[in-house]
Amino acid sequence: MKYPVLCGMALLFLASCTSVRPFLSNSVPAAPDYSKNSSWAALPTKTDPADRSPGPEFPDLQASSQVDVFFLHPTIYLDNSEKTWNASMEDDKLNQKVDESTILYQSSAFNGAGRVYAPRYRQAHYRCFFHADKASSKKALDLAYEDVKAAFEYYLENYNQKRPIIIAAHSQGTLHALRLMEEFFDEGPLKNKLVVAYLVGWPIPKKEFESIPPCETPDQTGCFCSWRSYLHGYMPDGVLLGDSIVVTNPLTWKADGLAANKSLNEGMIARKFNQVLPQSADAKAVNGVLWVHKPKFPGSLFFWKKNYHIADYNLFYVNIRKNAQHRVDSFWK
């Protein structure tokens, strides 16, 4: 598994990383115990942000669902003052940040399609994607995957009960999800249990898997969707580009490269998670990325970012939610 750069980064950030000690196996945080609820950011059996909804028209249906969602969160371990390569499971402040960001704004999109399971894991620090010490970066990412795999195996043995599975992830979470897919689903024991995989925020070649194809229609199952969002007209430096990279348009759920008008956007999620904003953003696949015209939302006048990575899910929240439900229906048919 390769670890391609996500996006360009300022030299100042790189300089701040040079003082970090190399990865030492005897100094890593203690491993999680997935028999404890505290080792999970989301479980169907406890109250957590994955249960929430931006409005009554989007009910939490986990209690009656016959499908599971295994969600892997992105990198939230960003503090430059931290000198460790992997986050501690005992870091309550970081755990709260995970819950109030990615679990709320991303994993909740799936509570209408399945029971949401989201493990905490010793996520690798953001520096791993840019640091000159590639050996330490790889060790930190491998350690994070060890936790993800352990969580998934515990989930299979204790929670799944042979239900179909949706895999959903973002950024670093998608990097780990790729390894999970290759090990358990791609010609593996769970191949026929895969409803769909949302592998967002990471460049994925079309032939990444032996037997799991990119999704080409909104109701296809046993396939994967992927996209990376940027301002329309902006082509980022330092990332994998080209027609060999999968770009699923989350407004049409096709990979045909055609532009999708914002009228197809059923709602991006508002910052306070108390409403959805329809027709806020369009989408078009170009050269391995998803171009989006500047979205409209309260305060967007002061929004000048060209990299929409952090909003890969937020921009298309309702479309993702409904598509997951649609693919579950197709799976049963």
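The values are calculated or read from the model by the stated rules, or taken from the named source; none is laboratory data. Just so you know, these numbers come straight off a predicted model, no measurement behind them. All Cβ positions, even for glycine, are placed from backbone atoms using ideal geometry, and neighbour counts span all protein chains on display.
For segment 136-175, a tally of residues being among the aliphatic types (A, V, I, L, M) and outside any helix (DSSP H, G or I) returns 5. Among the residues of this structure, Lys322 counts as one that is basic (Lys, Arg) and either under 22 Å from Ser65 (Cβ atoms) or part of a strand (DSSP E or B) (or both). Considering each residue of segment 197-218 in turn, at least one proves to be hydroxyl-bearing (Ser, Thr, Tyr), at pLDDT 95 or above, under 30 Å from Glu57 (Cα atoms) and surrounded by 18 or more Cβ atoms within 10 Å (Cβ to Cβ). For Ile167, the conditions (1) within 26 Å of Gly55 (Cα to Cα); (2) out of contact with any Leu (no Cβ under 8 Å at 6 or more places or on another chain) are fulfilled apart from (2). Candidates in segment 270-323 are the residues that are basic (Lys, Arg) and in contact with an Asp or Glu (Cβ under 9 Å, 6 or more places away or on another chain); of these, the one that is surrounded by the most Cβ atoms within 10 Å (Cβ to Cβ) is Arg321.
Each residue in segment 71-96 was checked for being under 23 Å from Phe152 (Cβ atoms), out of contact with any Gly (no Cβ under 9 Å at 6 or more places or on another chain) and surrounded by 14 or more Cβ atoms within 10 Å (Cβ to Cβ), and 10 pass.
Being within 24 Å of Gly242 (Cβ to Cβ) and basic (Lys, Arg) holds for only one residue in Lys162, Lys139, Lys207, and it is Lys207. Evaluating Phe13 against the criteria (1) modelled with pLDDT under 95; (2) assigned to a helix (DSSP H, G or I); (3) touching a strand residue (DSSP E or B) at 6+ places or on another chain (Cβ under 8 Å); (4) not aliphatic (A, V, I, L, M) leaves one unmet condition, (3).
The set of residues from segment 176-196 being surrounded by 18 or more Cβ atoms within 10 Å (Cβ to Cβ) and in a helix (DSSP H, G or I) comprises His176, Ala177, Leu178, Leu180, Met181, Phe184, Phe185, Lys193. Taken together, Ser263, Ser226 contain a single residue that is exposed (fewer than 13 other Cβ atoms within 10 Å of the Cβ), among the hydroxyl-bearing types (Ser, Thr, Tyr) and at pLDDT 95 or above, which is Ser263. Applying the criterion of at least 3 residues that are within 19 Å of the chain's Cα centre (by Cα) to the strands (runs of 3 or more DSSP E) found wholly in segment 200-298 leaves 223-225, 289-292.
Among the candidates Ser81, Ser108, Ser53, Ser88, the residue that is among the polar types (S, T, N, Q) and assigned to a helix (DSSP H, G or I) is uniquely Ser108.
Scanning segment 147-163 for residues that are closer than 22 Å to Ala63 by Cβ, of a type in the set (D, E, K, R) and in contact (Cβ under 8 Å) with a residue 40 or more places away in the chain turns up just one, Arg163.
The residue that is farthest from Tyr105 (Cα to Cα), counting only those in segment 299-317 that are part of a helix (DSSP H, G or I) and in contact with a helix residue (DSSP H, G or I) (Cβ under 8 Å, 6 or more places away or on another chain), is Tyr317.
Taking the conditions (1) in a loop (DSSP other than H, G, I, E, B); (2) under 30 Å from Pro59 (Cα atoms) in turn, Arg122 satisfies each one other than (2).
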